[in-house]
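> Questions regarding the structure given below will be posed in turn.
The values are calculated or read from the model by the stated rules, or taken from the named source; none is laboratory data. Just so you know, these numbers come straight off a predicted model, no measurement behind them. In this analysis, Cβ positions are derived from the backbone assuming ideal geometry, glycine residues included, and neighbour counts consider all displayed protein chains.
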Amino acid sequence: MDKKSNLNPSQEFLLNSSDEIVSILKTIAHPNRFKILILLLEGHLTFQTLLEETDLKKSALANHLNDLKDKFLVEKVQHGTYIITEDGKNYVKSIETTYKENMAMKRKVKERKQRMELAKSFLERNKD
């Protein structure tokens with residue numbers, strides 16, 4: 001029996017696309033490339049501006065930009081000027097949204113635990 005037969009269409013798509021998805025995520029996951037994407041969210045930037053903002057060497061910045069272009073996350077719009085693509089924006093915004101939601105959930109769990117500890121402490125002191 002084929003294990004994939006029990007998958008819903010979303011799972012099947014993700015499994016069939018997993019190599020490319022992981023490749024894109026690895027590209028985004030590099031701190032310098034992620035920073036470049038974030039900087040480009042405000043609009044087009046020149047190579048020189050990116051160089052100044054990232055403190056990278058020219059060759060390193062060029063390599064990172066090429067990696068981002070290869071994954072269609074960044075485009076070179078004219079000589080020395082780069083923009084983030086819609087796909088690039090969507091990935092960064094999705095990461096931001098998910099991270100914020102995760103942090104909010106962690107904060108709520110922490111607050112809930114603190115309230116439970118406080119209530120427990122109060123009840124133990126007032127047992128008598």
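> Conditions: (1) touching a residue at least 24 places away in the same chain (Cβ under 8 Å); (2) out of contact with any Asp or Glu (no Cβ under 7 Å at 6 or more places or on another chain). Leu73 meets all but one. Number of the miss?
With respect to (1) touching a residue at least 24 places away in the same chain (Cβ under 8 Å); (2) out of contact with any Asp or Glu (no Cβ under 7 Å at 6 or more places or on another chain), Leu73 is out only on (2).
> Which condition does Arg33 not pass, out of (1) touching a helix residue (DSSP H, G or I) at 6+ places or on another chain (Cβ under 9 Å); (2) more than 20 Å from Glu96 (Cα to Cα), if it passes all the others?
(2)
> Also: If you check Lys100 against the conditions, is it modelled with pLDDT of 85 or more, surrounded by 10 or more Cβ atoms within 10 Å (Cβ to Cβ) and within 30 Å of Lys69 (Cβ to Cβ)?
yes
> I'd like the full set of residues that are touching a strand residue (DSSP E or B) at 6+ places or on another chain (Cβ under 8 Å) and either of a type in the set (A, V, I, L, M, F, W, C) or assigned to a helix (DSSP H, G or I) (or both), limited to the range 69-90. Don't jump to the end; show me each part of the working.
Filtering the range 69-90 for residues touching a strand residue (DSSP E or B) at 6+ places or on another chain (Cβ under 8 Å) gives 69, 73-77, 80-85, 88.
Of everything in the range 69-90, those that are touching a strand residue (DSSP E or B) at 6+ places or on another chain (Cβ under 8 Å) and either of a type in the set (A, V, I, L, M, F, W, C) or assigned to a helix (DSSP H, G or I) (or both) turn out to be Lys69, Leu73, Val74, Val77, Ile83, Ile84, Gly88.
> I've got another one for you. Among the residues of the range 91-102, is there at least one that is outside any strand (DSSP E or B), touching a Leu at 6+ places or on another chain (Cβ under 8 Å) and under 27 Å from Ile21 (Cα atoms)? If you could, list the steps in order and put the result at the bottom.
Here is the first cut: in the range 91-102, the residues outside any strand (DSSP E or B) are 91-102.
If we keep only those that are touching a Leu at 6+ places or on another chain (Cβ under 8 Å) too, we end up with 91-92.
Narrowing the set further to residues that are under 27 Å from Ile21 (Cα atoms) leaves 91-92.
Yes - at least one qualifying residue is present in the range 91-102.
> Can you find, within the range 9-33, the residue that is nearest to Val92 (Cα to Cα) among those that are among the hydrophobic types (A, V, I, L, M, F, W, C) and touching a residue at least 24 places away in the same chain (Cβ under 8 Å)? Walk me through how you get there before you give the answer.
From the range 9-33, those among the hydrophobic types (A, V, I, L, M, F, W, C) are 13-15, 21-22, 24-25, 28-29; that's our starting set.
Pick out the ones that are also touching a residue at least 24 places away in the same chain (Cβ under 8 Å) and you get 24, 28.
Details: Ile24: 12, Ile28: 9 Å.
Within the range 9-33, the match that is nearest to Val92 (Cα to Cα) is Ile28.
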